[in-house]
1. What's the number of the condition Pro9 fails, among (1) in a strand (DSSP E or B); (2) modelled with pLDDT under 95?
2. Which of (1) surrounded by fewer than 19 Cβ atoms within 10 Å (Cβ to Cβ); (2) modelled with pLDDT of 95 or more; (3) over 20 Å from Cys258 (Cβ atoms) is the odd one out, the single condition Glu167 does not satisfy?
3. Does Ser290 satisfy the condition of being under 26 Å from Ala322 (Cα atoms), touching a Cys at 6+ places or on another chain (Cβ under 7 Å) and of a type in the set (S, T, N, Q)?
4. Quick one: in segment 35-48, of everything that is in contact with a Ser or Thr (Cβ under 9 Å, 6 or more places away or on another chain) and outside any loop (DSSP other than H, G, I, E, B), which residue is surrounded by the most Cβ atoms within 10 Å (Cβ to Cβ)?
5. Every residue in segment 316-353 that is at pLDDT below 95 and small (Gly, Ala, Ser), please.
6. Do you know which of the residues in segment 12-34 that are of a type in the set (D, E, K, R) and in a helix (DSSP H, G or I) is least open to solvent (accessible area, probe 1.4 Å)?
7. For segment 312-345, which residues satisfy the criterion of being outside any helix (DSSP H, G or I) and open to solvent by less than 10 Å² (accessible area, probe 1.4 Å)?
8. Evaluate segment 290-309: report whether one residue or more is in a loop (DSSP other than H, G, I, E, B), open to solvent by less than 20 Å² (accessible area, probe 1.4 Å), out of contact with any Leu (no Cβ under 6 Å at 6 or more places or on another chain) and among the charged types (D, E, K, R).
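The values are calculated or read from the model by the stated rules, or taken from the named source; none is laboratory data. Computed from a predicted structure; not experimentally measured. Because the Cβ atoms are built from the backbone with ideal geometry, glycine has one as well, and the counts that use them run over all protein chains shown. Only protein heavy atoms, including side chains, enter the accessible area calculation; ligands, DNA and RNA are left aside. Shrake-Rupley method; radii C 1.70, N 1.55, O 1.52, S 1.80 Å.
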Amino acid sequence: MNLMAVAPPSYCFVAFPPRAKDGQVVFGKNSARPRDEVQEVVYFSAADHDPESKVECTYISIDQVPRTHAIVISRPAWLWGAEMGANEHGVCIANEAINAREPASETEALLGMDLVRLGLERGTTAKEALDVIVALLEEHGQGGNYYEDANSCHSFQSAFLIVDCEEAWVLETVGKYWAAEKMTEGVKCICNQLSLTTKIDAEHPELRSYAQSQEIITVQTMIDILRDKASGICVDSESFLTTASIVSVLPQNRSSPCIHYFTGTPDPSRSIFKPFIFVEDVKLVPKAQSPCFGDDDPAKKEPRFQEKADRRHELYKAHEWARAVLESDEEQGQKLRKTMLELEKQGLEAMEEILTSSEPLDPTEVGDLFYDCVDTEIKFFK
């Protein structure tokens, strides 16, 4: 059996108060993709667009809207959309390719990952983002190759977890058809199987017991869940690897900022979660972005994917060295892992201070937050 013909077993989670800490909604996702695929973390500022303008998605162009929101996304570097991300209004969306009885269309249309980005760019709440996605599905449909692969087409149906600080929506789609479930409490996990039926049961079998053993779900709890290889949540198989991860904390007290942690590198058990906060002047992070090949990109030229471009960014390359050390040299690897976790801990503690502070956030202090964290990580690996 061709494993790549099966949807990769990504996992995404959301936890609401009182199961989550201090009136916070905690969101997380592991993006399982082909092992050698590079993901990049990219910020796009809010923008106004001319009437009648179009937006070039991965495979098709669609009508642009008058204004798009600021977003930060983690995406396979060859495509336009996103596996997961957040916008300036505290909306987070994750996509799951799902195995369904009805085969997905191989005709190039919108990818599930395109719909993630479009929902973030156009929705100020989780419900608005849901409405955006289902309207675009109705108009354009979904289809096209999910992988940068010329040898065969792997098309999948899509599910989404769409979250803000008040509610979450699980959206499952087959072609243009869809079903959605709203939740405002408890914990939820979605994976690569359809789960919405007359009896709703969409949790990972180990999530509830894990959550109960932790009592209260924090950012650290969610990170620990995403790092769990024994349960299969942290995917590391012959065909697939967790190529990037995200954890977001969305305070229900709107005077506190939403904080989004991205790895930008494969295998969360060997990666550092680095914080990002939306402010007016976010410093771009070229070191977490893949090279741009323009019109020469093999993913854009017809026929597509005739060759593989080297999409590794500086952070990815530095992390390759770290992964090799962690895997090969026990003593040096243990020392490296300890230092990596210490760096991450410092970041988590600094963000906790921001969340619990009664002082308003100074935008100048966090505009280069993610930039500095990536820079520190690369220097540390070198």
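1. Tallying (1) in a strand (DSSP E or B); (2) modelled with pLDDT under 95, Pro9 fails exactly one: (1).
2. Answer for Glu167: the failing condition is (3).
3. Numbers: under 26 Å from Ala322 (Cα atoms): yes; touching a Cys at 6+ places or on another chain (Cβ under 7 Å): no; of a type in the set (S, T, N, Q): yes.
Considered against the rule, which asks whether it is under 26 Å from Ala322 (Cα atoms), touching a Cys at 6+ places or on another chain (Cβ under 7 Å) and of a type in the set (S, T, N, Q), Ser290 comes out as no.
4. Looking at the filtered set, the residue picked out is Gln39.
5. Ala322, Ala324, Ser328, Gly333
6. Kept after step one, since they are of a type in the set (D, E, K, R), are these residues of segment 12-34: 19, 21-22, 29, 33.
Retained after the next criterion (residues that are in a helix (DSSP H, G or I)): 21-22.
Working: Lys21: 54, Asp22: 108 Å².
Across segment 12-34, the extreme among qualifying residues is Lys21.
7. First, pick out the residues of segment 312-345 that are outside any helix (DSSP H, G or I): 312-313, 329.
Passing the criteria: only His313.
8. Looking through segment 290-309, at least one residue is in a loop (DSSP other than H, G, I, E, B), open to solvent by less than 20 Å² (accessible area, probe 1.4 Å), out of contact with any Leu (no Cβ under 6 Å at 6 or more places or on another chain) and among the charged types (D, E, K, R).
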